[in-house]
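Engineer: Have a look at the structure that comes next, please.
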Amino acid sequence: MAVEKAEAPVYTPHIGESRQYWRDIILGVNDGLVSTFLLVVGVVGGGLVIGDVLLTGIAGALAGAVSMAAGEYLATKSQTEVLAAELTLEKEHLRDHRDLELDQLREMFTDMGIASEDLEGVVSAFDRSDDAMLNAMAALEFGVVESETRSPFLAMAASGGLFLIGALPSVVPFAVFDTTATALTWASLLAMGSLFVVGVVKASVAKTGKITSGLENLIVAGVGGVVAWAIGTAVGTTLS
């Protein structure tokens, strides 16, 4: 009697080319949500009227977005330039100190778990091609894989643009409602809801607990909000 072959599990694809930008995506939107929320909570606690809170929120959102965008662009560009310099030096090492580089490759492959009886064959295969050697050393020594490199412009757009989007829940209510109490209530609800959603989205990509991740975001922002309110109130009382 024929034995039925067990059906293979459904193939789950990787998230693809956006993977290297998830740091910028989560950092940008989360920072926009948290920092702008804490800013408006602080100035409301300090006693600012609704128009001043709106102006402060808009200024803070724009300043934060520009700062995030510029910082991410410069950091990513600098990292790319440093890695390019390292790879240029690696080409010289492969030309002038190849035996030393081959020894390093053997050591790294050994650390990866390549069996000793297979090691020389693997190293010899790479040794036959300068491009293969350079790619192997780039990936294993410097952690540089072409598909994982980040564009400074895309990193800048993701961080800055998403910071602005993250700032909206805390700013828009102060443009819609007439009292700071009502606007702050809505800003708190929208910001907290957005933070929970961001935590869930992050967990969906990372394959971790969605509720835990969402609550983690809420707790961080909630504690920060209480501290910001207390500081704002203290400063406002001192200056009044």
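Matching residues to (1) within 30 Å of VAL198 (Cα to Cα); (2) among the β-branched types (Val, Ile, Thr):
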site: GLU117; (1), (2): no, no
site: VAL123; (1), (2): no, yes
site: MET133; (1), (2): no, no
site: VAL171; (1), (2): yes, yes
site: ASP178; (1), (2): yes, no
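Engineer: Of ASP111, ASP131, which residue is under 30 Å from PHE153 (Cβ atoms), part of a helix (DSSP H, G or I) and either touching a residue at least 24 places away in the same chain (Cβ under 8 Å) or over 28 Å from the mean Cα position of the chain (by Cα) (or both)? Reasoning before the result, please.
Structural biologist: Values: ASP111 fails: under 30 Å from PHE153 (Cβ atoms).
After applying the criteria, what remains is ASP131.
Engineer: If the requirement is being loosely packed, with under 14 Cβ neighbours inside 10 Å, β-branched (Val, Ile, Thr) and modelled with pLDDT of 90 or more, which of these qualifies: VAL176, VAL171, VAL223? Break it down into steps so the answer makes sense when it comes.
Structural biologist: Details: VAL171 fails: loosely packed, with under 14 Cβ neighbours inside 10 Å; VAL223 fails: modelled with pLDDT of 90 or more.
VAL176 is the lone residue from the list that is loosely packed, with under 14 Cβ neighbours inside 10 Å, β-branched (Val, Ile, Thr) and modelled with pLDDT of 90 or more.
Engineer: Counting just the residues of region 144-184 that are in contact (Cβ under 8 Å) with a residue 12 or more places away in the chain and of a type in the set (Val, Ile, Thr), which one comes out farthest from ALA59 (Cα to Cα)?
Structural biologist: Looking at the filtered set, the residue picked out is VAL144.
Engineer: Could you say which residue among THR80, THR110, THR76 is touching a Lys or Arg at 6+ places or on another chain (Cβ under 6 Å) and surrounded by 10 or more Cβ atoms within 10 Å (Cβ to Cβ)?
Structural biologist: Numbers: THR80 fails: touching a Lys or Arg at 6+ places or on another chain (Cβ under 6 Å); THR110 fails: touching a Lys or Arg at 6+ places or on another chain (Cβ under 6 Å).
So the residue among THR80, THR110, THR76 that is touching a Lys or Arg at 6+ places or on another chain (Cβ under 6 Å) and surrounded by 10 or more Cβ atoms within 10 Å (Cβ to Cβ) is THR76.
Engineer: Restricting to region 203-240, give me the number of residues that are among the hydrophobic types (A, V, I, L, M, F, W, C) and over 24 Å from GLY45 (Cα atoms).
Structural biologist: 5
Engineer: Something else about it: Scan region 36-67 for residues that are hydroxyl-bearing (Ser, Thr, Tyr) and buried (at least 20 other Cβ atoms within 10 Å of the Cβ) and jot them down. Break it down stepwise before answering.
Structural biologist: First, pick out the residues of region 36-67 that are hydroxyl-bearing (Ser, Thr, Tyr): 36, 56, 67.
Listed by number, the residues that qualify are THR36, THR56.
Engineer: Which one of these does VAL10 not meet: (1) modelled with pLDDT under 85; (2) aliphatic (A, V, I, L, M); (3) within 26 Å of the chain's Cα centre (by Cα)?
Structural biologist: (3)
Engineer: Could I ask something else about it? Does region 139-162 contain any residue that is hydroxyl-bearing (Ser, Thr, Tyr), modelled with pLDDT under 90, under 30 Å from ASP31 (Cβ atoms) and in a helix (DSSP H, G or I)? Before you say what the answer is, go through the steps one by one.
Structural biologist: Filtering region 139-162 for residues hydroxyl-bearing (Ser, Thr, Tyr) gives 147, 149, 151, 159.
Then drop every residue that is not modelled with pLDDT under 90, which leaves 147, 149, 151, 159.
Within this subset, residues satisfying the condition of being under 30 Å from ASP31 (Cβ atoms) are 147, 149, 151, 159.
If we keep only those that are in a helix (DSSP H, G or I) too, we end up with 147, 159.
Checking region 139-162: at least one residue is hydroxyl-bearing (Ser, Thr, Tyr), modelled with pLDDT under 90, under 30 Å from ASP31 (Cβ atoms) and in a helix (DSSP H, G or I).
Engineer: Scan (1) in a helix (DSSP H, G or I); (2) touching a residue at least 12 places away in the same chain (Cβ under 8 Å) for the single condition ALA59 breaks and write down its number.
Structural biologist: In the conditions (1) in a helix (DSSP H, G or I); (2) touching a residue at least 12 places away in the same chain (Cβ under 8 Å), ALA59 misses (2) alone.
Engineer: From ILE50, ILE25, ILE58, grab the single residue that is among the aliphatic types (A, V, I, L, M) and at pLDDT below 85. Spell out the reasoning first.
Structural biologist: On the way: ILE50 fails: at pLDDT below 85; ILE58 fails: at pLDDT below 85.
The match here is ILE25.
The values are calculated or read from the model by the stated rules, or taken from the named source; none is laboratory data. Since we're looking at a predicted model, the values are computed, not measured. All Cβ positions, even for glycine, are placed from backbone atoms using ideal geometry, and neighbour counts span all protein chains on display.
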